[in-house]
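Input: a single structure, listed below in C-alpha cells.
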Amino acid sequence: MNTTHPAAAAVQVQEPRPRRKWSQILRVALLYLIAILFLFPFYIAVVYSIKTPVETAQSPLAFPTHIAWSNYAEAIEASNFFLALRNSVLTTVGTVALTIAVCSMAAYVIARNNTRFYNFFYYLFMSSIMLPFQVLMFPLYKTWSELSLLNTIPGLIIALTGVQIGYFAFLYVGFIKTVPKELEESAVLDGASRYRTFYSIIFPLLKPINSTILVLSALGAWNDFVVSMILVQKKEASTLPLVQFQFFGEYTSQVNMAFAAIILSMIPIMIFYLFAQKWIIGGVTAGAVKG
Amino acid sequence: MTHRIRDEWVKFTFIIPALLFFVLVVVFPFIRGLNIAFTNWDGIAPTYDYVGLRNLQLLFTDTELLDPIKNTLLFTVITTICINVFGLLLAVALNTKFPGVNLLKSFIFMPMVISLVLAAIIWRYIYSDIFPILFQTDGGLLGNPTTVMIGIAIICVWKEIGLAMVIYYAGLQTIPKDMYESARIDGATSYKQFTKITVPLLLPAFTYCIPLWIGTGLRQFDYPMVATKGGPGTSSQTLAMYVYNYEFPYFKAGYGQMAALVLFIFILIVTVIITSYFRRREVEY
C-alpha cells in the first residue's frame, strides 16, 4: 500500500515545483527588504551629514540636491576629530598588542600544564568573564586616580587589556590544546629554551587564534564606551566614542554637523569591516560553536 | 634538582604579565569593592565607617529600586527574545544559495561593528525626526515614559541581531546535511524538520546565546545611558545605572558598591541556572 506508482511519484515531484519557486522568490525578496531596513539608519546618517539645516527641515528623508561638505569641515574642527582619532588608534593598537602578548603566553603554560596550580589561574581568569563591570567600576576609578592613570592613554590600555584577559585567555587555551605537542618536545630536546620554543615554534602556529583575538580586541577597544567613560573625563585622552557622546550633548542644535562627525568616526571601522569581515565573523562565533 | 626548580620558575614567568594586569584591573578592585560595600563611604572623604549590613538592608527596602528592576527585566526580555528568535530565523533563511546572500549577511551584521554610541545617537534622530513622517506619530518612543524602554530595546535588537544570526548560522553548518535528506525522504515537512532536527541540534548555540543576552540585558548600562541618560525622569533607568548614579553623581559609594555586588550575584545565579538548563538538553549525535 505504501509503495507509490512510479508515475504518481514523478507527478508528486513535478507538481510542487512552481509553488516552491514562487515561495523562494518571495522569501528572497523579503530578505532583501529586511536587509534594506537594516541599512536604513546608515542611510539616514549619511544623508543628514551632507545636508544643509534648511533642507533637513524640509525633507529629512530625501537625498540632498546640494551636498554640504562644509558640515564635515566644521565637524572636524568642532569635535577635534584628529585628536580623538589619534587617541582611539593608540588605545586600540596598544590594547591589541598587549592582549595578544600576555594572553598567548599565559594560555600556553595553562594549556600545557594540567596541574592544580595552573588550573587555579585558569579558573581565576575565567571567573572574570561573568563579572559585570559595575562591580569594578568605582574601585578601579579610585585606584586609577591614586596611580595617576586617570585621563591617560596607557591607563585606558591597561584597563581594557585587564578586563578582556579572562575571555581571551579562555579562547587561547581552547586553541592551544588542539596544537600537537610533538614539535615543541623535539625543540626542547634539542636544547632550545622555553621562550625560544614559544616564540619560534608555538606562536607562529597560533596564527588563526591570533587573528581572532586581534579582531575581537580591536573591535572591543575601538568601540568601548563604559570603561573609557569611567576612566577618561578630559578631552586630551578622549577616544572617538567619548567625543561623540560629549559632542551630541553640546551640539544638539547643529544636527548636520554632528552627523558628519558620526560618519567620520564610522569610516575607519567600516574600512576595517570591509577587509576583515571574514575574521570578525569567525572571531565572534569562535567561542560559541566548536569545530 | 635545581634545574627542575629553575624550569618551573621559567614556566611560571609566562603567566606573570597576564597575572599582573589581571590583579591590577580585576582582582584588586574587586577586593577593594568588597570592602567599600560594607562602609558608608561617600567616595571622596579620607575616612569612613563600617556599617555592617546596613547598605544591604537599605537596598532591599528602597522602593525606588522597583522601577530600575522593571526596566531592566523588560529590556532583557524584549532583547533576548527578539534577537534570538529573529536571529535564528534569519540564519535559517540565509542558509540557502541565492544571488547576493553573502551581501545580505554582511549588511545585517554591519550594525554590530559600529560603536553603540553612534547607534544610539542615530536612532535618537530616527525616533524624533523620521518616525513622525513615516508613522504620523509625535514625540517618538524615547520621549514617552511608557515606551522609552521599548525604544531603547529596538536599538539594541537592530545592532545585535547580526551577532545572533552569524552564531546560529555557524551552528547550522555543523548539522549533517544527510539528516535533512533522510527526513525529507520520510516525508517530514520543513516545519517538522525545523522543530525536530534544527532546533535540537542547535542547542549548543542556544546554550551560548540565550545566557549571553540575558546576562548583557541584566547588566545593561550603555544603551540607555547614551540614548536617554535614564530619562525622561528616571523612566529608563536600569539597575546598572542605579549603581553608577550612587557611586558617582550621588556620592554614596558604599551603598552603590553593595548594589553592584547584589546585581553581580543575581546575574551569576540567573546565568548559571539558565546555562545548566540548556546544557542538560543538549543531544549527542
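What to note about this one:
- Conditions (1) in contact with a Pro (Cβ under 8 Å, 6 or more places away or on another chain); (2) more than 11 Å from every other protein chain (Cβ to nearest Cβ); number of the one not met by A:Val255: (2)
- Note on the stretch A:44-99: residues that are within 30 Å of the chain's Cα centre (by Cα) and of a type in the set (Ser, Thr, Tyr) total 9.
Results for (1) basic (Lys, Arg); (2) in the same structural domain as B:Leu90 (by TED's automatic domain parsing); (3) more than 17 Å from the chain's Cα centre (by Cα), shown as yes or no for each residue.
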| site | (1), (2), (3) |
| --- | --- |
| B:Ile161 | no, yes, no |
| B:Ala164 | no, yes, no |
| B:Ile167 | no, yes, no |
| B:Lys177 | yes, yes, yes |
| B:Ile185 | no, yes, yes |
| B:Thr195 | no, yes, yes |
| B:Thr198 | no, yes, yes |
| B:Tyr208 | no, yes, no |
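- Within the stretch B:176-211, tally of residues that are within 11 Å of chain A (Cβ to nearest Cβ) and not in a helix (DSSP H, G or I): 2
- Within the stretch B:164-215, the set of residues being of a type in the set (Ser, Thr, Tyr) and in contact (Cβ under 8 Å) with a residue 12 or more places away in the chain comprises B:Tyr168, B:Tyr169, B:Thr174, B:Tyr180, B:Thr198, B:Thr207, B:Tyr208.
- Conditions (1) more than 11 Å from chain A (Cβ to nearest Cβ); (2) assigned to a helix (DSSP H, G or I); (3) among the hydroxyl-bearing types (Ser, Thr, Tyr): number failed by B:Thr216: (1)
- Among the helices (runs of 4 or more DSSP H) confined to the stretch B:89-143, the ones with at least 2 residues that are touching a residue at least 24 places away in the same chain (Cβ under 8 Å) and in the same structural domain as B:Met165 (by TED's automatic domain parsing) are located at B:101-109, B:116-125.
- Close pairs (6 angstrom Cβ cut-off, 6 or more residues apart or separate chains): within 26 Å of B:Ala205 (Cβ to Cβ) and at pLDDT below 85 in the stretch A:262-291, surrounded by 21 or more Cβ atoms within 10 Å (Cβ to Cβ) and of a type in the set (S, T, N, Q) anywhere: A:Ala286/A:Thr212
- Test: residue in the stretch B:228-240 that is out of contact with any Leu (no Cβ under 7 Å at 6 or more places or on another chain), part of a helix (DSSP H, G or I), of a type outside the set (A, V, I, L, M) and touching a residue at least 12 places away in the same chain (Cβ under 8 Å): no
- Taken together, the residues in the stretch A:225-237 that are touching a helix residue (DSSP H, G or I) at 6+ places or on another chain (Cβ under 6 Å) and within 12 Å of chain B (Cβ to nearest Cβ) amount to 6.
- Pairs with Cβ under 6 Å, 6+ apart, first in the stretch A:122-134 and in the same structural domain as A:Met229 (by TED's automatic domain parsing) and more than 13 Å from A:Gly174 (Cα to Cα), second basic (Lys, Arg) and surrounded by 16 or more Cβ atoms within 10 Å (Cβ to Cβ): A:Pro132/B:Arg219
- Considering residues of the stretch B:243-274 that are polar (S, T, N, Q) and more than 16 Å from B:Ile69 (Cα to Cα) only, the residue surrounded by the most Cβ atoms within 10 Å (Cβ to Cβ): B:Gln257
- Restricting the search to helices (runs of 4 or more DSSP H) fully inside the stretch A:16-119 and requiring at least 3 residues that are within 14 Å of another protein chain (Cβ to nearest Cβ) and among the basic types (Lys, Arg) gives A:17-49.
- Taking the stretch B:1-73 and the helices (runs of 4 or more DSSP H) fully enclosed by it, the elements with 3 or more residues that are facing chain A (nearest Cβ under 9 Å) are at B:2-13, B:16-22, B:28-36.
The values are calculated or read from the model by the stated rules, or taken from the named source; none is laboratory data. Here the structure is a predicted model, which means the values were calculated and not measured. Cβ: placed from backbone, ideal geometry, glycine included. Neighbour counts: every protein chain shown.
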